[in-house]
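Colleague: For reference, the structure I am asking about is given below.
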Amino acid sequence: QTIPPAGYEVGQAIFAFQIAQGQDLPLVGNDAYAGPFFFYLLAGLFRMGLTDPLAGRAVILIAGTLTAPLTYAWVRQLGGNRAAGLIAASLVATNPHLILLNSHVGGTTFLLPFLTSLFLWLLSCALAIDHPGWWMASAVVAGLATQSNPVGGLPVASGWLWATYRMRSSPRLGRGW
């Protein structure tokens, strides 16, 4: 009863299929809280010839799998050694929520762990490198995380507060561009 049955997310796939055929070009998802990014991603896969309505599961499985290496990269970027990065990535990789849900359900909300991890890594890289491309990438991913599910606004806001705190003692940030 914990894992939704096959076909649980077919409604989202049908919504994405309508986008792929040009019948609908929504600014929101099929739920009141979901943004359209996941649906347009699925629609792009449908347009490329992938016709399986459960393709969303593969997208979420790949995103869930990439969350562990992203966590490793983020810890390393923050100044952690290899052991700290491996411990953090191991904790993410053995998280029951990611194992059970991110490999069995293809819904828009399940992109959230990947998008927030990517945002935090990009933000820490932006602070270290101070290049407008890194800042822009982190802002775009922050927007995708927030529109994936409004709960994504919590780590995004926390990340921006952390970055603001870190920038207060670094007068060089932003001067090069």
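The values are calculated or read from the model by the stated rules, or taken from the named source; none is laboratory data. Nothing here was measured: the structure is a model prediction, and the numbers come from that model. Heads up, the Cβs are rebuilt from the backbone with ideal geometry, glycines too, and the neighbour counts pull from every protein chain shown. Accessible surface is based on the protein model in full, side chains and every heavy atom, while ligands, DNA and RNA are left aside. Shrake-Rupley method; radii C 1.70, N 1.55, O 1.52, S 1.80 Å.
Colleague: For the list (1) at pLDDT 90 or above; (2) open to solvent by 60 Å² or more (accessible area, probe 1.4 Å), I need the number of the one condition that P155 fails.
Modeller: So P155 meets the others, but not (2).
Colleague: Continuing with this model, one more query. Scan region 46-66 for residues that are charged (D, E, K, R) and not in a helix (DSSP H, G or I) and jot them down.
Modeller: If the condition is that a residue be charged (D, E, K, R) and not in a helix (DSSP H, G or I), then D52 is the only one that fits.
Colleague: Next question. Only one residue in L101, L127, L112, L78 is modelled with pLDDT under 95 and touching a Lys or Arg at 6+ places or on another chain (Cβ under 6 Å), so which one is that? Give the steps one after another, and end with the answer.
Modeller: Values: L101 fails: touching a Lys or Arg at 6+ places or on another chain (Cβ under 6 Å); L112 fails: touching a Lys or Arg at 6+ places or on another chain (Cβ under 6 Å); L78 fails: touching a Lys or Arg at 6+ places or on another chain (Cβ under 6 Å).
Step by step, each of L101, L127, L112, L78 is checked, and only L127 is modelled with pLDDT under 95 and touching a Lys or Arg at 6+ places or on another chain (Cβ under 6 Å).
Colleague: Give all pairs with beta carbons closer than 6 Å in which a residue from region 76-91 that is open to solvent by less than 60 Å² (accessible area, probe 1.4 Å) meets a residue that is not aromatic (F, W, Y); count only pairs at least 6 apart in sequence or on separate chains.
Modeller: That search, which allows pairs on different chains as well, returns A84/V75; G85/V75; G85/R76; A88/T71; A88/V75; A89/A68; A89/T71.
Colleague: In addition: For S169, which of the numbered conditions (1) at pLDDT below 90; (2) small (G, A, S); (3) open to solvent by less than 40 Å² (accessible area, probe 1.4 Å) fails to hold?
Modeller: The single condition S169 does not satisfy is (3).
Colleague: Please go through (1) open to solvent by less than 50 Å² (accessible area, probe 1.4 Å); (2) without any contact (Cβ under 8 Å) to a residue 40 or more places away in the chain; (3) out of contact with any Asp or Glu (no Cβ under 9 Å at 6 or more places or on another chain) for A73 and return the number of the only condition it doesn't satisfy.
Modeller: (2)
Colleague: Against the definition (at pLDDT 85 or above, in a helix (DSSP H, G or I) and either aliphatic (A, V, I, L, M) or more than 30 Å from W162 (Cβ to Cβ) (or both)), how does A43 come out, yes or no? Don't jump to the end; show me each part of the working.
Modeller: Working: at pLDDT 85 or above: yes; in a helix (DSSP H, G or I): yes; either aliphatic (A, V, I, L, M) or more than 30 Å from W162 (Cβ to Cβ) (or both): yes.
Yes: the conditions hold for A43.
Colleague: Regarding region 107-126, can at least one residue be identified that is surrounded by fewer than 15 Cβ atoms within 10 Å (Cβ to Cβ) and either without any contact (Cβ under 8 Å) to a residue 12 or more places away in the chain or within 12 Å of the chain's Cα centre (by Cα) (or both)?
Modeller: no
Colleague: Here is a further query. Any chance region 3-20 includes a residue that's in contact with a Ser or Thr (Cβ under 7 Å, 6 or more places away or on another chain) and modelled with pLDDT of 90 or more?
Modeller: For region 3-20, residues in contact with a Ser or Thr (Cβ under 7 Å, 6 or more places away or on another chain) and modelled with pLDDT of 90 or more: absent.
Colleague: Hey, another quick one. I need a count of the residues in region 136-146 that are open to solvent by 40 Å² or more (accessible area, probe 1.4 Å) and either closer than 13 Å to A163 by Cα or in contact with a strand residue (DSSP E or B) (Cβ under 7 Å, 6 or more places away or on another chain) (or both).
Modeller: Counting residues in region 136-146 that are open to solvent by 40 Å² or more (accessible area, probe 1.4 Å) and either closer than 13 Å to A163 by Cα or in contact with a strand residue (DSSP E or B) (Cβ under 7 Å, 6 or more places away or on another chain) (or both) gives 1.
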